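Here is the structure we will look at.
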Amino acid sequence: MSPQISPSILSADFARLAEEAEAVRGADWLHVDVMDNHFVPNLTLGLPVVESLRKATDIPLDCHLMIEDPDRWAPQYAEAGAGSVTFHVEAAAAPIRLARQLRSLGARASMALKPATPIEPYEDLLPELDMVLLMTVEPGFGGQSFLDVVLPKIRRTRQLLDRHGLALWLQIDGGVSADTIERCADAGADVFVAGSAVYGADDPAEAVRALREQARAATERAPWVRPG
């Protein structure tokens with residue numbers, strides 16, 4: 001799969017979200033960080049904003065739920081039109097049932113892990129998913145520095161996916177920039193959430209294009225990519 005870029009509106013101007021979505025036209029996804037001030041120490045967007053965004057842009061919405069009780073709330077984001085819904089495995093009571101419900105509602109089902117959460121205990125869940133999201137910062141705030149300590153986990157996750165012949169997307173979120181995206185692509189990531197690296201640029205659409213090209217070039221020479 002070609003690398004995908006998902007700009008995070010956490011770094012956008014909340015007063016101009018429709019315009020900020022238009023500013024990244026050409027992006028593969030629009031990443032929406034939903035935080036409840038319980039699972040993480042921050043409060044951001046919720047379901048009404050997602051419903052409004054869905055009407056304002058044709059870029060698919062990639063909703064990342066950093067909330068308690070995703071088993072209850074995540075399906076509502078799929079019903080609101082999100083193309084991909086990510087729940088944190090640390091917060092989900094029944095992740096397999098939740099993933100199946102999200103898929104039945106027409107959304108891609110994704111499982112997120114905090115930096116210190118290992119992937120190996122969840123190996124058996126992988127066939128139930130469409131994407132795995134590995135946090136490369138501690139969730140809660142944008143603009144943090146990339147945690148290199150997560151790179152080995154990205155590699156191990158890619159190895160697990162390859163071992164089982166799974167076509168899951170491997171997304172990373174946190175500190176993605178021109179300085180870090182190539183290392184992540186080399187390790188095995190293929191979907192990249194970028195906030196300040198996109199919305200802090202003079203031309204956000206060009207920033208998306210440049211990041212995608214960097215990831216593409218790094219992927220072509222990455223050791224995990226099979227020739228042909």
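Values in this text are rule-based calculations from the coordinates and carry no lab data. As the structure is a computational prediction, the values presented were derived from the model and not from experiment. Here Cβ is always computed from backbone atoms with ideal geometry, including for glycine, and neighbour counts include all displayed protein chains.
Note on the chain: antiparallel DSSP beta bridges, both residues inside, total approximately 5 percent of the bridges counted.
Note on the range 135-228: semi-axes of the ellipsoid equivalent to its C-alpha gyration tensor, largest first and rounded to whole Å, are 23, 16, 10. Enclosing the Cα atoms of the chain in their convex hull gives a volume equal to 112 cubic angstrom per residue.
How big, in percent, is the set of alpha carbon pairs in the range 70-200 lying more than 27 Å apart? The calculated P(r) of the range 70-200 puts 16 percent of pairs beyond 27 Å. Segment GLU79..ARG209, full-extension length gain: 43.8 nm, with 0.36 nm per residue of separation and the alpha-carbon distance subtracted.
Label zone of GLU123 (point 7 Å out along Cα→Cβ, amide N under 19 Å): in the range 159-175 this covers 159-170. Comparing PRO75, PRO115, PRO41 in a Gaussian network model of the chain where C-alpha atoms under 10 Å apart are linked, the largest mean-square fluctuation is found at PRO41.
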